[in-house]
1. Hey, can you tell me all the residues within region 98-117 that are on the phi < 0 side of the Ramachandran plot and open to solvent by 50 Å² or more (accessible area, probe 1.4 Å)?
2. Across region 375-391, which residue is most open to solvent (accessible area, probe 1.4 Å) among those that are modelled with pLDDT of 95 or more and not hydrophobic (A, V, I, L, M, F, W, C)?
3. Is it the case that some residue within region 352-369 is under 14 Å from Leu250 (Cβ atoms), open to solvent by less than 10 Å² (accessible area, probe 1.4 Å) and in contact with a Lys or Arg (Cβ under 6 Å, 6 or more places away or on another chain)?
4. Considering only residues of region 118-142 that are open to solvent by 80 Å² or more (accessible area, probe 1.4 Å) and at pLDDT 85 or above, which is nearest to Glu184 (Cα to Cα)?
5. Being modelled with pLDDT of 75 or more and surrounded by 14 or more Cβ atoms within 10 Å (Cβ to Cβ): is that true of Val23 here?
6. What residue, of Gly257, Gly249, is open to solvent by less than 30 Å² (accessible area, probe 1.4 Å), at pLDDT below 90 and not charged (D, E, K, R)?
7. Just to be sure before I move on: is Ser329 touching a Pro at 6+ places or on another chain (Cβ under 7 Å), among the hydroxyl-bearing types (Ser, Thr, Tyr), farther than 21 Å from Ala204 by Cα and open to solvent by 10 Å² or more (accessible area, probe 1.4 Å) in the structure I sent?
Amino acid sequence: VTLASCRCTCYEGGDITARDALVDVPVSIERGVGCYGPQLSYSFGRDTSGELTLCYNCALPDFDPYARNPGFSLCRHDHGVTGAGLTFLLLPQSLCNFHLAWDLSDCGDGAVGIAGCESGDFSRTCTGHDFKYIYYAFGRLQKYNRQGSKLQVFTLDRDDRYFDELVEIVGRYFDSMESFFHDEERPYHIILYPTKRTLLTGTALLRCCYLGFGADFIVNSLSEVEDVHTHELTHNWCSIADNDSEDDGLSSLYAEGTAEYYSSAMLYRSGRNGVEAYISSINAKLRDYYANPFRECAYRETYDKSWTHAFAQRVPYSRGVIMFMQLDSAIRNASAGKHSLDDLVLRIIDDGKSGKAVDWDGFVKLADGFSGGAAKSIIAAALSGGLMLPPSDFFGSGYKLVETSVPVECEGFDYTVRFEPDKTVHGLIPGSNAEKAGLRNGDKIISLITDSAVPGGALPLSHCKVLRDGEIMQFDYLARGQDVSCWQHVRACLVL
């Protein structure tokens, strides 16, 4: 049985057909509700043996640049199709010989297909679990790659103003990262899909990541999107095995926390950013944490809401980066500077490659050994809730931690509105910027977009278009509430 709840899991009865030894295998699909909301269960109607052929067909909606979670979607663009998430749903879970073939006869001349880090038809021996979690794209793809690098970039966009520069820039820190993380000798694919969103979106799986990249996002230079790139690339190496319960979310905290930590660190270590830019990047992630209305909630509470609350979804990132900053400081102090978080993470990576996969319990045990027994309390605090503080010595004696303030992110109404079928505003907060701008309970939201890249450090605006009494209206406002404490690293002043 395969459970699925992503947007791309839109297969209905008859969309998936299966045959073994030229005999049809019944396929059943059952609707239900899981911890992330509505989900589907896919299963074979009987045991299968020998060669099994699966065919997938589904309706391809036109690309909606403002849809929720565009990185987990299957949609049609002007020049082809991209898909992400649970690409192949109904697969035997044992070790099998898989062969993927593309039928692109209806896609026009020059159409090609890629899946994960493979181009065209390919075969692989692995488990069904490993095979199904890959992204794909097909159509008239443009291909870019940096000379001498395993990195390859594919896009369906016709606008190549940024792609040559992007491939060269990303290629530099990709080469640095793959060396640091003891990479394998296999290619890596980035799939860029065109989007009109101002927000850069990204998701990543093994040997491949999937990025929504729109020219409107770029204000000054490509440096504005590099943190997202390095975050997604880090996922290729920094992961741990799930515990017995697949929905415990602990592996997600490890993956997102290390990705946030190394997305800043690797830009600095590769020479792309200087030390001040590195500190600025970490400070921005700290501001994101303290501005989050879920900042003091227990991790499990936010994880259960992560697919229905945009702010809750970011908690594994921000709580995770502070947890790993604390672990790095504890390991350095316990070893008198001889070891750091790097040694712990590389140990987990190398153990996984040698067949000794590390799960959450193994991570806690290893971290406690590296930190002289300090890790258990650090990790327990990250899970139990309460306000987290970064270590004051993270950047050394030349910097100190100071308390400032930041406004809490606040859309001005109940957070669940975005994810309900009718998207009707309710729970409007009296005195909020949304109410002051003119929003009312009962307004039906047509689109809600928050600027991501704004020049000069200005606060991002939310643009909410609603339908009220048959009239379309738009309200622009700062989605911010009261000021709260925020800790930042600043250069220490020497007093003579």
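The values are calculated or read from the model by the stated rules, or taken from the named source; none is laboratory data. It should be emphasised that the depicted structure is a prediction, and the values quoted were computed from it without experimental measurement. Neighbour counts run over all protein chains shown; Cβ positions are idealised from the backbone, glycine included. Each accessible area value is taken on the protein alone, full model and side chains, heavy atoms only, with ligands, DNA and RNA left out. Shrake-Rupley method; radii C 1.70, N 1.55, O 1.52, S 1.80 Å.
1. Once the filter is applied, which keeps residues that are on the phi < 0 side of the Ramachandran plot and open to solvent by 50 Å² or more (accessible area, probe 1.4 Å), region 98-117 yields His99, Ala101, Trp102, Asp103, Ser105, Asp106, Asp109, Val112.
2. That would be Lys376.
3. no
4. Thr125
5. In short, no.
6. Gly249
7. yes
So that you can scan it fast, the table gives a plain yes or no per residue for (1) free of Cβ contacts under 8 Å to residues at least 60 places away in the same chain; (2) farther than 30 Å from Leu461 by Cβ; (3) hydrophobic (A, V, I, L, M, F, W, C); (4) assigned to a helix (DSSP H, G or I):
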| residue | (1), (2), (3), (4) |
| --- | --- |
| Phe394 | no, yes, yes, no |
| Val406 | no, no, yes, no |
| Glu411 | no, no, no, no |
| Thr416 | no, no, no, yes |
| Asp422 | yes, no, no, no |
